[in-house]
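Report on the structure given below.
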Amino acid sequence: MNELLPLMTYSLLISISLISIIGFNNTALFDQCKHYPYLENKQKSFYRWFTCGFLHANWLHLFFNAFVLWQFGSVIEKIYKEMYGMLLGGILFIVIYVLILILSCIPTYIKFKNNPQYASIGASGAISGILFIYILYFPFNLLYLFGMIPVPAIVFGFLYLYYSWWASRNTNDHIDHDAHYYGAVMGLLFGVIIKYLL
């Protein structure tokens, strides 16, 4: 059924890939678009909560996020199109993605708005949210921990949440674990609203 093709997911993948590849060698673009809480606080450049999701540090970072978005985003987009039709389902998917992307940046902003040394990039917060919407619909499908160990999606989700929460408080690896955690929580929240309340 052509109307259920995940065109929004494909559009996101193309946009994220193209902008990320340009950003690899364009320092000015990179600096202008990254999530930089200190400057967001000083300059009110909150557009960065959106633009940071289209930049990645390197090919591996880009490939991993693109793969996860393709794998789970295409499924959720098709579900929403089945529920609400091609147009509304596609719009709903992209709106939820963008909302999760933006909202997942806010806790990091609050935490680091007075730290000029901290910045982050990547679509991981939004993609975590899409993954958790998938888990809501398919809690017993197998996902692969570390890419190798099969576990039910609901177990994977619990471990992911716990690790992201723990890492945000106990590591200094320049990964935005807060965005992962709150992106996942936002995904669950929006997923529950759409599945059970709309």
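For the range 1-141, a crude dipole built from +1 on the beta carbon of Lys and Arg and -1 on the beta carbon of Asp and Glu, taken about the Cα centre, is about 440 debye to the nearest 20.
So, with a 1.4 angstrom probe, what is the percent of accessible area on the range 1-118 that is carbon and sulfur?
Carbon with sulfur: 69 percent of the solvent-accessible area.
With every protein chain present, what is the per residue accessible area of the range 53-198 (1.4 Å probe, Å²)?
51
Would you mind checking K44/K111; K78/K111; K111/K195 for any pair whose Cα atoms are more than 24 angstrom apart? Going by Cα-Cα distance, K78/K111; K111/K195 fall outside the 24 Å limit. Taking the chain as a Gaussian network, where each spring joins two C-alpha atoms under 10 Å apart, which residue of K34, K78, K44 fluctuates the most? Among K34, K78, K44, the largest GNM mean-square fluctuation belongs to K44.
Taking F67, F30, F132 as the candidate residues, the one with maximal mean-square fluctuation in a Gaussian network model of the chain, Cα springs under 10 Å, is F67. Once Kirkwood radius over Cα pairs in Å is calculated for the structure shown, the corresponding label among (i) 19.7; (ii) 17.1; (iii) 18.0 turns out to be (ii). Peptide packing for 147-154, 56-63 was compared via the average number of neighbouring C-beta atoms within 10 Å per residue; ordered from the highest value, the list is 56-63, 147-154. Helix 7-24 and the long axis of the chain differ in direction by around 20°, with both axes built from C-alpha atoms.
The values are calculated or read from the model by the stated rules, or taken from the named source; none is laboratory data. As the structure is a prediction and not an experimental result, all values here were calculated from the model. Using ideal geometry, Cβ is built from the backbone for each residue, glycine included, and neighbour counts are taken over all protein chains shown. All accessible areas refer to the heavy atoms of the entire protein, side chains included, with ligands and DNA or RNA removed. Shrake-Rupley method; radii C 1.70, N 1.55, O 1.52, S 1.80 Å.
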